[in-house]
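The values are calculated or read from the model by the stated rules, or taken from the named source; none is laboratory data. For clarity, every value in this text was computed on a predicted model and none was experimentally measured. Here the Cβ positions follow ideal geometry from the backbone for every residue, glycine too, while neighbour counts run over all protein chains shown. For the accessible areas, the whole protein counts, side chains as well, though only heavy atoms, and no ligand, DNA or RNA atoms are used. Shrake-Rupley method; radii C 1.70, N 1.55, O 1.52, S 1.80 Å.
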Amino acid sequence: MPSRLFKLLLICSASLLLVSSCTSTSEVFTVPNSVSSERRQTFENAEALFAAQNYETALPLYIRLSQSAGNRFDPINDESLWRLVQIYEKNDESEKALLALDELSQKSFSIAQEKILLAQIKNFTKTGNRAQAQESLAKFDRLYRQNYLSTSELYDYLEESLDLNYDRKAIEEAVFLGDIQKYFVFIMEGSSSPENEKATELLIQTYNRFFHLLKTGLLSAEFKHQLSIALLDQLRLFDRYKLDGLSQNPKTILKFSEYSNKQKQFLTESFFK
């Protein structure tokens, strides 16, 4: 993709995040009393910088914290590695994110394995490694069924995983959305409220950001065509996942079905313009 288009996509991505940002709902981490005052202060400084979106300055602090674990069970080390994953994702450095995720998957006590796997699925997909992405997706599915995640936990993990960039890797991000879409359907079809309504709205909002990007006029014809095909494919996946009349909560399923049908019609008609 030409560099000029990439810059335009970055500008568009920033405006998308300002209009309808995806806010992390992860629990607030409390620093244990056993942590040294210096290490505690460094982490708090890094967190303040991260909250202010000053990622460039926060990055070396998190790297230092992730490399200086006080003991084997060190939640600051884990939390710092997770922040590094988030920063690398924002910087479109999926390879670095995957290295941090690999370390987390082997030793983390404080970051849920489900969150780690969702991030691996996303970043493997963005690097073009679909085999590894599918392997991580299978692990997530097994873990989800074994651990019986609450609806609230599953929703929170999904929401955090959808902090996307909507940039030159938008097609891969759309494919990732399709990969995890069935878990949205699980929540939407269930009786747990307000998560079923929230999941429906989040899925619609996420698709809307892709369609906003598609309609900006900043994309090359080829990129626009490929993104349109990817979105159409993911929307069609939804039809395979829903239970057709067996849902405990048909209202939410119907709402997204109506939205999906409208967008599929838009995409189909756009192919003939």
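Contact map, the range 206-230: residues that are among the β-branched types (Val, Ile, Thr) paired with residues that are in a helix (DSSP H, G or I), Cβ distance under 8 Å, separation 6+ or inter-chain. Pairs shown: THR206/LEU177; THR216/CYS12. Within the set LYS115, LYS107, the sole residue that is at pLDDT below 95, in the same structural domain as ALA48 (by the TED database) and either surrounded by fewer than 21 Cβ atoms within 10 Å (Cβ to Cβ) or under 13 Å from the mean Cα position of the chain (by Cα) (or both) turns out to be LYS107.
Please work out if LEU213 is in a helix (DSSP H, G or I), under 20 Å from LEU149 (Cβ atoms) and at pLDDT 90 or above. No, not satisfied. Scanning the range 216-228 for residues that are in a loop (DSSP other than H, G, I, E, B) and of a type outside the set (A, V, I, L, M), we see that the one that is nearest to SER257 (Cα to Cα) is THR216. Where residues in the range 170-205 are open to solvent by 40 Å² or more (accessible area, probe 1.4 Å) and either not assigned by the TED database to the domain that holds THR216 or not in a helix (DSSP H, G or I) (or both), which of them is nearest to GLU93 (Cα to Cα)? The residue in question is PRO194.
Could you list, in sequence order, the residues of the range 140-169 that are outside any helix (DSSP H, G or I) and of a type in the set (A, V, I, L, M)? LEU149, LEU162, LEU164 - these are the residues of the range 140-169 that are outside any helix (DSSP H, G or I) and of a type in the set (A, V, I, L, M).
Only one entry in TYR88, TYR148 is under 30 Å from LEU218 (Cα atoms) and aromatic (Phe, Trp, Tyr), namely TYR88. Return yes or no: is SER161 assigned by the TED database to the domain that holds ASN261 and in contact (Cβ under 8 Å) with a residue 40 or more places away in the chain? It is false that SER161 is assigned by the TED database to the domain that holds ASN261 and in contact (Cβ under 8 Å) with a residue 40 or more places away in the chain. Return the residues of the range 57-104 that are open to solvent by 60 Å² or more (accessible area, probe 1.4 Å), more than 15 Å from the chain's Cα centre (by Cα) and not charged (D, E, K, R); say none if nothing qualifies. Answer for the range 57-104, where residues must be open to solvent by 60 Å² or more (accessible area, probe 1.4 Å), more than 15 Å from the chain's Cα centre (by Cα) and not charged (D, E, K, R): THR57, PRO60, GLN67, GLY70, ASN71, PHE73, LEU99.
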